[in-house]
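K.L.:
Have a look at this one before I ask anything.
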Number of protein chains: 2
Amino acid sequence: MLFDTVTIVGVGLIGGSLGLALKAKNAARRIIGVGHRESSMKRALERGAVDETSLNIEEAVGDSDWVILAASVRLIPDHAALAAGGMKPGAILSDVGSTKEGICAELARHGHNGLPVVGMHPLAGSEQRGIEAARASLFESTTCILTPGEGSTDEAVSKVTRAWEAIGATIVVLTPEDHDRLLAGASHLPHVIAGVLLNSLTEDCLSYGGTGLRDTTRIASGNPDLWRDICAANRRHILDAIERFQNEVEVFRQALAAEDDERVRDLLNAAKQRRDNLPAARLRNRE
Amino acid sequence: MLFDTVTIVGVGLIGGSLGLALKAKNAARRIIGVGHRESSMKRALERGAVDETSLNIEEAVGDSDWVILAASVRLIPDHAALAAGGMKPGAILSDVGSTKEGICAELARHGHNGLPVVGMHPLAGSEQRGIEAARASLFESTTCILTPGEGSTDEAVSKVTRAWEAIGATIVVLTPEDHDRLLAGASHLPHVIAGVLLNSLTEDCLSYGGTGLRDTTRIASGNPDLWRDICAANRRHILDAIERFQNEVEVFRQALAAEDDERVRDLLNAAKQRRDNLPAARLRNRE
């Protein structure tokens, strides 16, 4: 057993799936779930994602060997402060936020008090939310990025790595800044663009969308509060990515306007080559 | 039996699926497939998408009650001229091109010689191509747009409508211009943007894309020659759609740069509402 007691704060899609997966692979003996709504706590218990529940972070972390903050990006700094106040020496503090620079800086403040901090970002999930959508297989064949902060130890990174590998993920270690820059392009920009695309269409176009429009805009169904927080937390890198994107739109528009159809073809072909070479493993986790 | 003999010129994904579906629903007794590669003609025969094959359009249309031009947009005008030369009076001339203004004008030139012309655009398909990907169910729960030209007759539109309904599609009748404007937004712009998105990412971002990036860019795998031709054939409407899109990107960029996070949230929420209200029926035809 890798961990005796694990506390998961925020038992939604990611937190709930982590609970189910860690239990299914015997990577944790006992899981305590923390949330602010009794109904979702009850549902997490019923689904077997947690063994016990609590409405109080400080009380729920005292026995834990690993505390995972899995609520929204905006709440993680406050949760980290509460958790750090109640954790035992040597226990590991982690989060699963979609941005890492700001959060890891917050977490590192607590890491200085002898608490190993390991930021995490599993590249899994969907536009669905909540414990209802959680499943033990969510992380199979996915990548999980670890961003160890100043307060990390090799031992903590190693234990966290083994836990993710046990539930099917491959680990990549990045600095928080590299993480945020790479994810701005690979995840946050696509989300913004899917939304902008929908907002730019005239109303009468919408009913003529086939599978192409549906797939291209699927992620725009994500929760707007959560994505506002991600945009705010990763503002600088997302703005860089948007500006590169704007330049590329203009390159295409100019080729089309100039009737340079072979240039249009070359641009489409360059995109096709990139699409065809995207890593394929994660297809298995498509909803 | 709606049609005795149907000739399909171009037996790829759409042409081949039409052959399979019309046979499966007994909407045509005999289907002649025309192509320029003997190997794909042989495969179409083996799969039962056609009963006979030919390499010569004029010879293959003499007995036909319905001729369907299903090759790429660029070839349809030449194919229409060849077909019109061999068709019997009263037979219906159709195409399945993704753009309609230019093609329907070409087809209408032949319609003036007593040939009822009915342009068609089934909103089905995928980034896959060729007879290998064809299936009888491709059009189930999809929309097919008809754009009857000057040379159309009510009887021809009615027969074509019944054939599409027999194979599971719902018919919408539009003018060629409305079709091209609506599809520029609903289909061509998403394709362009998926490609531009990929081209704008730095190389090191690409391996961090999850299901979000994969879904958002799926259609960019489409054939670049085919899409160059669609872009050229619908240039004006696509440029309009790109310019509206550029304005909307700039609206979002300014809100994010100005740290107006509630405006960011409102834009994401407007997109979410539009996404959640897209017509859902066509989901069943997702690849």
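K.L.:
When both residues are 6+ apart or on different chains and their Cβ atoms are under 7 Å apart, which pairs have a first residue that lies in segment B:248-261 and is under 12 Å from A:Arg228 (Cα atoms), and a second that is of a type in the set (Gly, Ala, Ser)?
P.N.:
B:Asp261/A:Ala232
K.L.:
From the list A:Thr175, A:Thr153, A:Thr211, A:Thr216, which residue is closer than 17 Å to A:Cys104 by Cβ, in contact with a Lys or Arg (Cβ under 9 Å, 6 or more places away or on another chain) and not small (Gly, Ala, Ser)?
P.N.:
Numbers: A:Thr153 fails: in contact with a Lys or Arg (Cβ under 9 Å, 6 or more places away or on another chain); A:Thr211 fails: closer than 17 Å to A:Cys104 by Cβ; A:Thr216 fails: closer than 17 Å to A:Cys104 by Cβ.
Step by step, each of A:Thr175, A:Thr153, A:Thr211, A:Thr216 is checked, and only A:Thr175 is closer than 17 Å to A:Cys104 by Cβ, in contact with a Lys or Arg (Cβ under 9 Å, 6 or more places away or on another chain) and not small (Gly, Ala, Ser).
K.L.:
Given the conditions (1) touching a strand residue (DSSP E or B) at 6+ places or on another chain (Cβ under 6 Å); (2) among the hydroxyl-bearing types (Ser, Thr, Tyr); (3) buried (at least 22 other Cβ atoms within 10 Å of the Cβ), which single one is not true for B:Thr170?
P.N.:
So B:Thr170 meets the others, but not (3).
K.L.:
Please go through segment B:201-243 and give me each residue that is in contact (Cβ under 8 Å) with a residue 24 or more places away in the chain and closer than 16 Å to A:Leu197 by Cα, ordered by number.
P.N.:
B:Arg218, B:Ile219, B:Ala220, B:His237, B:Ile238, B:Asp240, B:Ala241, B:Ile242
K.L.:
From A:Lys100, A:Lys88, which residue is surrounded by fewer than 19 Cβ atoms within 10 Å (Cβ to Cβ) and not aliphatic (A, V, I, L, M)? Even if it seems obvious, please write down each step before you answer.
P.N.:
Working: A:Lys100 fails: surrounded by fewer than 19 Cβ atoms within 10 Å (Cβ to Cβ).
Answer to the selection: A:Lys88.
K.L.:
Collect the residues in segment A:30-64 that are within 24 Å of A:Pro116 (Cβ to Cβ) and assigned to a helix (DSSP H, G or I), keeping them in residue-number order.
P.N.:
Answer for segment A:30-64, where residues must be within 24 Å of A:Pro116 (Cβ to Cβ) and assigned to a helix (DSSP H, G or I): A:Ile57, A:Glu58, A:Glu59, A:Ala60.
Let's see how each residue does on (1) within 15 Å of the chain's Cα centre (by Cα); (2) more than 21 Å from B:Leu182 (Cα to Cα); (3) more than 14 Å from chain A (Cβ to nearest Cβ); (4) small (Gly, Ala, Ser):
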position	(1), (2), (3), (4)
B:Glu101	yes, no, yes, no
B:Glu106	no, no, yes, no
B:Pro116	no, yes, yes, no
B:Gly125	yes, no, no, yes
B:Ile131	no, yes, yes, no
B:Thr143	yes, no, no, no
B:Ser158	no, yes, yes, yes
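K.L.:
Here's another thing I want to ask about it. Is it the case that segment A:185-203 has a residue that's closer than 30 Å to A:Val249 by Cβ and surrounded by fewer than 18 Cβ atoms within 10 Å (Cβ to Cβ)?
P.N.:
Let us first name the residues in segment A:185-203 that are closer than 30 Å to A:Val249 by Cβ, namely A:185-203.
Retained after the next criterion (residues that are surrounded by fewer than 18 Cβ atoms within 10 Å (Cβ to Cβ)): A:202-203.
Yes, that holds for at least one residue.
K.L.:
Still on this structure: Of the residues that sit in segment B:255-271 and are more than 7 Å from chain A (Cβ to nearest Cβ) and small (Gly, Ala, Ser), which one is farthest from A:Pro190 (Cα to Cα)?
P.N.:
Going through the qualifying residues, I end up with B:Ala258.
K.L.:
How about segment A:225-254: which of its residues are over 15 Å from B:Thr217 (Cβ atoms), buried (at least 20 other Cβ atoms within 10 Å of the Cβ), of a type outside the set (Lys, Arg) and facing chain B (nearest Cβ under 7 Å)?
P.N.:
Result: A:Trp227, A:Cys231, A:Ile238, A:Ile242.
K.L.:
Tell me yes or no: at least one residue of segment B:7-17 is among the hydroxyl-bearing types (Ser, Thr, Tyr), part of a helix (DSSP H, G or I) and at pLDDT 95 or above. Before the answer, list the steps.
P.N.:
So the first thing to find is which residues in segment B:7-17 are among the hydroxyl-bearing types (Ser, Thr, Tyr), and the list is B:7, B:17.
Narrowing the set further to residues that are part of a helix (DSSP H, G or I) leaves B:17.
Okay, now just the ones that are also at pLDDT 95 or above, so B:17.
Yes: segment B:7-17 contains one or more residues that are among the hydroxyl-bearing types (Ser, Thr, Tyr), part of a helix (DSSP H, G or I) and at pLDDT 95 or above.
K.L.:
Among the listed residues A:Ala194, A:Ala169, A:Ala233, A:Ala241, which satisfies the condition of being within 25 Å of B:Arg265 (Cα to Cα), among the aliphatic types (A, V, I, L, M) and under 14 Å from the mean Cα position of the chain (by Cα)? Walk me through how you get there before you give the answer.
P.N.:
Working: A:Ala194 fails: under 14 Å from the mean Cα position of the chain (by Cα); A:Ala169 fails: within 25 Å of B:Arg265 (Cα to Cα); A:Ala241 fails: under 14 Å from the mean Cα position of the chain (by Cα).
Just one listed residue meets the conditions, A:Ala233.
K.L.:
State yes or no: is B:Ile57 closer than 13 Å to B:Ala134 by Cβ, touching a residue at least 24 places away in the same chain (Cβ under 8 Å), among the β-branched types (Val, Ile, Thr) and outside the structural domain of B:Leu226 (by TED's automatic domain parsing)? Lay out the reasoning, then the answer.
P.N.:
Values: closer than 13 Å to B:Ala134 by Cβ: no; touching a residue at least 24 places away in the same chain (Cβ under 8 Å): yes; among the β-branched types (Val, Ile, Thr): yes; outside the structural domain of B:Leu226 (by TED's automatic domain parsing): yes.
No.
K.L.:
Please indicate, with yes or no, whether at least one residue in segment B:165-184 is facing chain A (nearest Cβ under 7 Å) and at pLDDT 95 or above. Give the steps one after another, and end with the answer.
P.N.:
As a first pass, look at segment B:165-184 and keep what is facing chain A (nearest Cβ under 7 Å): B:182-183.
Subset that is at pLDDT 95 or above: B:182-183.
Looking through segment B:165-184, at least one residue is facing chain A (nearest Cβ under 7 Å) and at pLDDT 95 or above.
K.L.:
Taking segment A:44-70, which residues are under 21 Å from A:Glu106 (Cβ atoms), in contact with a helix residue (DSSP H, G or I) (Cβ under 6 Å, 6 or more places away or on another chain) and surrounded by 19 or more Cβ atoms within 10 Å (Cβ to Cβ)?
P.N.:
Once the filter is applied, which keeps residues that are under 21 Å from A:Glu106 (Cβ atoms), in contact with a helix residue (DSSP H, G or I) (Cβ under 6 Å, 6 or more places away or on another chain) and surrounded by 19 or more Cβ atoms within 10 Å (Cβ to Cβ), segment A:44-70 yields A:Ile57, A:Val61, A:Val67, A:Leu69, A:Ala70.
K.L.:
Then there's this: Residues in segment B:198-216: is at least one closer than 21 Å to B:Arg74 by Cα, within 7 Å of chain A (Cβ to nearest Cβ) and of a type in the set (Asp, Glu)?
P.N.:
Initially, segment B:198-216 is screened for residues closer than 21 Å to B:Arg74 by Cα, giving none.
No, that holds for no residue.
The values are calculated or read from the model by the stated rules, or taken from the named source; none is laboratory data. Nothing here was measured: the structure is a model prediction, and the numbers come from that model. Here Cβ is always computed from backbone atoms with ideal geometry, including for glycine, and neighbour counts include all displayed protein chains.
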